[in-house]
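Notes for the one structure printed next.
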Amino acid sequence: MKEKNRVYKLNITAVTPEGDGISRTESGKVVFTSQCCAGDEINARIIKETTGYLVGKIEDIITPSPDRVTPDCPVYKQCGGCALRHTRYEAEKKLKYDHVQDCIKRIGKCDIIPEYIVSPVTERYRNKAQYPLTEKDGKISVGYFARHSHRVIPHEDCLLQPKETTDIIKDLLPLLEGIPLYDGESGKGILRHLYLRRNRSGDYCVMPVINSDDTGIFAPIAEKMTEKHENIKSFYVNVNTENTNVILGKKCVLLKGDAYLTDELCGKKFLVSPLSFWQVNPDAAEMLLYKAREYADLKKGDVVCDLYCGTGSVGICCSDTDTKLFGIEIIPQAVEDAARNAEANGYTDFRFVCADSEKGIEECKRTFGSPDVVFTDPPRKGMTEKVIKDIVSSGARKVVYISCNPATLARDIKIFEEMGYAVQNAAVFDLFPRTGHVESVVCLTRK
């Protein structure tokens, strides 16, 4: 029997970190329904059928869960940005913590009980915005992609973004009218995205992303925006002429202001360029870095290896100038930033290399010798087995693993365990409130 368009009465028994309710039909088929809470009783229409599960959409809520709240964003039901704005924050915190602990126990085969540290702020904490654009009747607006689509939901004042970001956007959009928007299917048009980055003192870098090498047409716009908003310290244009869904291109052209934003974490100063990775919730990121530093417990003269180092924030925040600091990162601009940041913070024994992290331990040995402590902050896919084997063979006494994906973290710590390392400490951080993302820090010690 075809299930699509059938309506089922469902009891939501559990929820994924993305806010998808889990239930079963009377015949036992699993149904995932977005924007649910555990304990909801709903009527849901089936909108997708696969061999293993069904996807439902709420028709109406018969009995709401005690954890359900009215979303405070007018476009929440359409937007794909926040995943948990329909959920009490206390329930959201528990959902994320339980997810990490379940992964560590079930996948990682580890019984440690992590501590839990939440963000000091849950609204307007993001210091970076990447807006897609849409147009109607000749008027340009920004917004966010609908979930699992490239349809832009117009919305200027996101509750995760500082109010100043909204103010800048409102003044910038009228200046962009008349510049054709990029069309991904035809490859024609110019304006692709708007990118904004903010430091902790409120200074901004503003950067349109364009499908053209002609950046000069934005020079008058840069003049007007920096004149009206004194907190815009940098106005760049990013050139991305590739047929890709990747937002930023490799070329950034500075039209007005400073080449870098200066920011601070853990009492250390950092120069941050537009293409460099930088934590989007600095207050919570600082708490995470202090915890990573505590776990590392570095000694004078230790060799520190910072894998996937970005701008050097982990290695610099978690160590002092009496250590030997090595970092490796694949993005050239970030490597340049990391070297500048180490020098600006008084390091003398340091080296940052632009290469794949699979070469990290080898390059560290060549530079300073075998590492005493390894920091690793990989992308969502986690580390390759080669990187893990290289760390193990180096004899490092500790590995401090920062992760944005509990499943790959758990997979990797199981491999470490099998190779002679044990989980000593673990902490869960809600760096991204109201979204499905969660961060973790685990300290592994050599047995």
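The values are calculated or read from the model by the stated rules, or taken from the named source; none is laboratory data. All figures in this text were calculated on a predicted structure; none of them were measured in a lab. Don't worry about glycine lacking a Cβ; one is built from the backbone with ideal geometry, like all the others, and counts go over all protein chains shown.
The table below gives the values:
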read-out	value
Segments classed as strands (runs of 3 or more DSSP E), wholly inside region 345-432, with at least 2 members that are polar (S, T, N, Q) and in contact (Cβ under 8 Å) with a residue 12 or more places away in the chain	421-430
Any chance ALA339 is part of a helix (DSSP H, G or I) and closer than 22 Å to LEU275 by Cα	yes
Of all residues making up region 129-167, the number that are in contact (Cβ under 8 Å) with a residue 40 or more places away in the chain, more than 13 Å from CYS79 (Cα to Cα) and touching a His at 6+ places or on another chain (Cβ under 9 Å)	4
Index of the failed condition, ASN281 passing every other in (1) farther than 17 Å from LYS233 by Cα; (2) among the polar types (S, T, N, Q); (3) surrounded by fewer than 20 Cβ atoms within 10 Å (Cβ to Cβ)	(3)
In region 90-140, the residues that are buried (at least 16 other Cβ atoms within 10 Å of the Cβ) and of a type in the set (Gly, Ala, Ser)	ALA91, GLY108, SER119, ALA129
Restricting region 141-167 to residues that are within 13 Å of CYS82 (Cβ to Cβ) and not hydrophobic (A, V, I, L, M, F, W, C), the residue that is surrounded by the fewest Cβ atoms within 10 Å (Cβ to Cβ)	ARG147
Check on ALA83, crowded, with 21+ Cβ neighbours inside 10 Å, more than 25 Å from ASP430 (Cβ to Cβ) and in contact with a Gly (Cβ under 6 Å, 6 or more places away or on another chain)	no
Condition broken by GLY184, with the remaining ones in (1) under 25 Å from GLY81 (Cα atoms); (2) in contact with a helix residue (DSSP H, G or I) (Cβ under 8 Å, 6 or more places away or on another chain); (3) of a type in the set (Gly, Ala, Ser) satisfied	(2)
All positions within region 275-308 that are more than 30 Å from ALA129 (Cβ to Cβ), hydrophobic (A, V, I, L, M, F, W, C) and not in a loop (DSSP other than H, G, I, E, B)	ALA296, VAL303, VAL304, CYS305
Scan of region 256-291 for residues that are more than 18 Å from the chain's Cα centre (by Cα) and within 16 Å of PHE429 (Cβ to Cβ), ordered by number	CYS266, TYR290, LYS291
Failed condition for GLU230, given (1) within 22 Å of SER276 (Cβ to Cβ); (2) out of contact with any Ser or Thr (no Cβ under 9 Å at 6 or more places or on another chain); (3) surrounded by fewer than 13 Cβ atoms within 10 Å (Cβ to Cβ)	(1)
Residue match in region 77-97 (condition: free of Cβ contacts under 8 Å to residues at least 24 places away in the same chain, closer than 30 Å to VAL442 by Cα, among the basic types (Lys, Arg) and not in a loop (DSSP other than H, G, I, E, B))	yes
Inter-residue pairs, beta-carbon under 8 Å, first among the β-branched types (Val, Ile, Thr) and in region 249-267, second at pLDDT 95 or above and surrounded by fewer than 16 Cβ atoms within 10 Å (Cβ to Cβ), 6+ apart	THR262/LYS269
Selection within region 309-327 - buried (at least 21 other Cβ atoms within 10 Å of the Cβ) and either in a loop (DSSP other than H, G, I, E, B) or of a type in the set (Gly, Ala, Ser) (or both)	CYS309, GLY310, THR311, GLY312, SER313, GLY315, CYS318, SER319, THR323, GLY327
Residues of region 11-52 classified as surrounded by 14 or more Cβ atoms within 10 Å (Cβ to Cβ) and either in the same structural domain as GLY436 (by TED's automatic domain parsing) or not in a strand (DSSP E or B) (or both), total	15
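Per-residue answers, yes or no, for (1) touching a residue at least 12 places away in the same chain (Cβ under 8 Å); (2) crowded, with 18+ Cβ neighbours inside 10 Å; (3) more than 19 Å from the chain's Cα centre (by Cα):
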{"residue": "ILE169", "(1), (2), (3)": "yes, yes, yes"}
{"residue": "GLY178", "(1), (2), (3)": "no, no, yes"}
{"residue": "LEU191", "(1), (2), (3)": "yes, yes, yes"}
{"residue": "LEU194", "(1), (2), (3)": "yes, yes, no"}
{"residue": "ASN199", "(1), (2), (3)": "yes, yes, no"}
